[in-house]
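The values are calculated or read from the model by the stated rules, or taken from the named source; none is laboratory data. In this text, all values refer to a predicted model and were calculated from it rather than measured experimentally. Neighbour counts are summed over all protein chains in view; Cβ atoms, including those assigned to glycine, are modelled from backbone coordinates with ideal geometry.
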Amino acid sequence: MTNKDTLKLYYSIGEVAKLFNVNASLIRFWEKEFDIIKPQKNKKGDRQFTQQDVDNFHIIYHLVKERGFTLQGAKDKLKDNAQDVTDNTEIIKSLDKLKTFLLEIKSQL
């Protein structure tokens, strides 16, 4: 496992926003809208997102930004088919990693 693959225990709101290339305000908004996002807060009140929270953001981001769901539509999809959505998101993440790997190989040829 390389340093790039090491998972952190907690992510700040800025780190999460940067992962998805969105504003921190959108992360705060999604946190309020989706009950699957439950960050802890430190003594200063800063949000500390776990890897599970980040994974849930991946699902929300996929539904809302990539597939064009409304917020209510994404909530309904998560409520009705949470496991299917999670499985599909994992498949997409795996395919993205494979694509990146193949593009790296292509650039080395």
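Observations on the structure shown:
- In the range 8-53, the residues that are of a type outside the set (Phe, Trp, Tyr), under 15 Å from Lys65 (Cβ atoms) and touching a Lys or Arg at 6+ places or on another chain (Cβ under 9 Å): Val16, Val22, Ile27, Glu33
- Residue among Phe57, Phe49 that alone is within 12 Å of the chain's Cα centre (by Cα), closer than 19 Å to Ser94 by Cα and of a type in the set (Phe, Trp, Tyr): Phe57
- Complete set of residues in the range 39-58 that are more than 17 Å from Asn23 (Cα to Cα) and either hydrophobic (A, V, I, L, M, F, W, C) or in contact (Cβ under 8 Å) with a residue 40 or more places away in the chain (or both): Thr50, Gln51
- The range 1-20, residues that are modelled with pLDDT of 90 or more and either among the hydrophobic types (A, V, I, L, M, F, W, C) or exposed (fewer than 11 other Cβ atoms within 10 Å of the Cβ) (or both): Ile13, Val16, Ala17, Leu19, Phe20
- Spans of helices (runs of 4 or more DSSP H) in the range 21-109 with at least 3 residues at pLDDT below 90 and within 20 Å of Lys8 (Cβ to Cβ): 51-61, 71-108
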